[in-house]
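A.B. asks: After the structure tokens below, expect a handful of questions from me.
The values are calculated or read from the model by the stated rules, or taken from the named source; none is laboratory data. Treat the numbers as computed from the prediction; the structure is a model and nothing was measured. All Cβ positions, even for glycine, are placed from backbone atoms using ideal geometry, and neighbour counts span all protein chains on display. Heavy atoms of the whole protein, side chains included, go into the accessibility calculation; ligands, DNA and RNA do not. Shrake-Rupley method; radii C 1.70, N 1.55, O 1.52, S 1.80 Å.
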Amino acid sequence: MKKIIYIVLLGVSLSSCRIYSNYERPKLDVQMEQLYRDTTNVDQALKGDTINFGNLSWPDVFSDPHLQSLIRLVLEKNVDLRTADLTIQKAEAGLQVSRLAFFPSLSFSPSGTISIVEGGTTSKTYNIPLQASWQIDAFGSLRNAKKQSEYGVLAAKAARQSIQTALIASTANLYYTLEMLDAQLQTTKSTAALWDKNVEAMEVMMQAGMTNAAAVSQAKANRLSILTTIPTLESQIRKTENSLCALLHEAPHPIERGAIQDLSFPSVLSAGVPAQLLANRPDVRAAEYKLASCFYGVNKAYSAFYPNITINGTGGWTNNLGMITNPGMWVANFVGSIVQPLFARGQLRANLKIAKAEVEAAQLNFEQKLINAGNEVSNALANYQTSLLKIQQRTKLVEELQKSVETTNLIFKHDNRVSYLETLTAQQGLLQAQLNLISDNFDRAQAVISLYQALGGGRK
């Protein structure tokens with residue numbers, strides 16, 4: 001027994017060694033202050049500071065009541081998110097197992113026999129054994145396994161957060177896609193209705209000798225060309241609604257929504273400081289949790305070189321011997337645990353090499369996740385700035401084209417020197433510019449969603 005105590009004390013003295021070391025974030029090759037690109041060249045509203053747009057709760061970002069209702073339903077009913085909750089439960093159960101490994105285990109297996117000898121003599125024997133086993137964590141094996149389980153739970157929670165953020169972004173994207181398609185459909189139908197009147201007017205003008213049959217045919221062809229896009233838009237709307245219903249875990253049905261013209265977002269979209277990605281991005285946090293888990297895997301591989309100290313004891317009661325014990329049993333097991341690593345040293349060294357390689361791979365993955373996060377933020381900032389500039393210019397273009405169409409139509413009706421081709425060109429240009437302006441507003445919405453997701457938004 002004294003030898004056991006000495007070995008335990010020796011294990012405690014190793015607390016400063018590798019097997020008892022704690023994870024600390026390693027020095028990274030990535031320069032955190034350089035994760036964002038050209039943040040000083042974008043609009044004032046986008047300049048980085050300590051206020052992070054990603055820290056806003058999603059209802060503060062997406063203020064449309066219809067969209068808020070959809071996001072709540074998705075977060076409540078989506079299968080992927082519910083599956084992630086089950087994964088967290090399994091990880092927490094694994095952590096509970098790791099914690100219970102520190103306690104002794106007891107087993108109780110009573111038995112009894114009845115023997116009948118020739119002549120009618122009956123012999124009854126009762127055996128009530130109690131076995132106890134306790135593994136002493138003198139060399140950190142159980143402790144490092146528990147640490148791995150703890151980071152496994154954290155990684156599962158980060159993975160769930162990543163799914164939640166992606167679901168919020170996907171729901172918002174599909175919702176704004178519906179609003180964009182609605183606006184394009186409405187604009188196309190309005191333009192088609194205008195061309196109905198144009199064709200009627202041109203037929204009257206042809207009868208009056210003010211234009212010819214070729215110009216009327218061109219007008220009809222242009223009207224039909226516009227009409228052919230309507231079924232395509234209506235089909236896209238139905239498919240987008242179906243995709244949104246799939247996120248809701250519901251059968252396909254119409255989606256209630258607003259208008260893209262009423263689109264509104266917070267006035268300040270700050271990217272915050274790059275270091276906040278370490279705390280906010282769920283995929284970055286998950287990558288670091290994986291790195292920490294691999295770190296404790298190396299500790300565990302080191303601890304495997306030391307013996308497992310296990311104390312076993314057996315006691316029991318029979319109907320004629322009373323209480324008995326067998327101290328030789330746990331001594332035999334203890335000695336076996338001491339010599340076991342000596343015969344598997346090559347395998348243990350191989351396991352250590354594998355564990356170290358996993359740490360290096362996990363660190364590379366962690367650094368790459370940071371770089372990817374910085375790229376996504378930079379791209380979202382650039383896309384948002386580009387969409388703002390395009391909306392400003394496109395709005396002016398639509399205004400000028402509207403004036404051009406009105407002027408061209410007026411001149412065409414009163415001056416034969418103006419050809420129908422000029423009128424056709426002006427109206428086609430206006431329709432295309434209107435559709436492009438709708439797309440620009442959608443691009444702005446997408447850039448906001450991308451920035452919010454890239455900054456790790458949707459956590460609350």
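A.B. asks: Is it the case that residue 11 is over 26 Å from residue 380 (Cβ atoms), modelled with pLDDT under 75, more than 33 Å from the chain's Cα centre (by Cα) and open to solvent by less than 30 Å² (accessible area, probe 1.4 Å)?
C.D. replies: When the stated conditions are applied, residue 11 passes them.
A.B. asks: Give me the pairs: first residue in segment 369-380 and in a helix (DSSP H, G or I), second residue open to solvent by 60 Å² or more (accessible area, probe 1.4 Å) and not β-branched (Val, Ile, Thr), beta-carbon distance under 7 Å, and six or more apart or on different chains, which are they?
C.D. replies: Every condition considered, the pairs that remain are 378/37.
A.B. asks: Among the residues of segment 71-110 satisfying the criterion of being outside any loop (DSSP other than H, G, I, E, B) and in contact with a strand residue (DSSP E or B) (Cβ under 7 Å, 6 or more places away or on another chain), which is farthest from residue 243 (Cα to Cα)?
C.D. replies: This residue is 108.
A.B. asks: Let me ask you something else. Just checking, which of 179, 203 is touching a helix residue (DSSP H, G or I) at 6+ places or on another chain (Cβ under 7 Å), open to solvent by 60 Å² or more (accessible area, probe 1.4 Å) and either among the acidic types (Asp, Glu) or modelled with pLDDT under 90 (or both)?
C.D. replies: After ruling out the rest, the residue left standing is 203.
A.B. asks: Let me ask something additional. Of the residues 159, 215, which single one is closer than 30 Å to residue 297 by Cβ and surrounded by fewer than 20 Cβ atoms within 10 Å (Cβ to Cβ)?
C.D. replies: That would be 159, the only listed residue that is closer than 30 Å to residue 297 by Cβ and surrounded by fewer than 20 Cβ atoms within 10 Å (Cβ to Cβ).
A.B. asks: So, one more: Which one is nearest to residue 381 (Cα to Cα) among residues in segment 440-460 that are in a helix (DSSP H, G or I) and open to solvent by 30 Å² or more (accessible area, probe 1.4 Å)?
C.D. replies: Step by step, filter segment 440-460, then rank; the result is 450.
A.B. asks: Failed condition for residue 163, given (1) over 25 Å from residue 66 (Cβ atoms); (2) under 51 Å from the mean Cα position of the chain (by Cα), with all others met?
C.D. replies: (1) is the only condition that residue 163 fails.
A.B. asks: Let me ask something else. Taking residue 369 and the conditions (1) surrounded by fewer than 18 Cβ atoms within 10 Å (Cβ to Cβ); (2) basic (Lys, Arg); (3) under 25 Å from residue 30 (Cα atoms), which numbered condition does it fall short on, given that it satisfies the others?
C.D. replies: For residue 369, the failing item is (1).
A.B. asks: Another question, if that's okay. So which helices (runs of 4 or more DSSP H) stay within segment 249-368 end to end and still have 1 or more residues that are at pLDDT 90 or above and not hydrophobic (A, V, I, L, M, F, W, C)?
C.D. replies: 282-303
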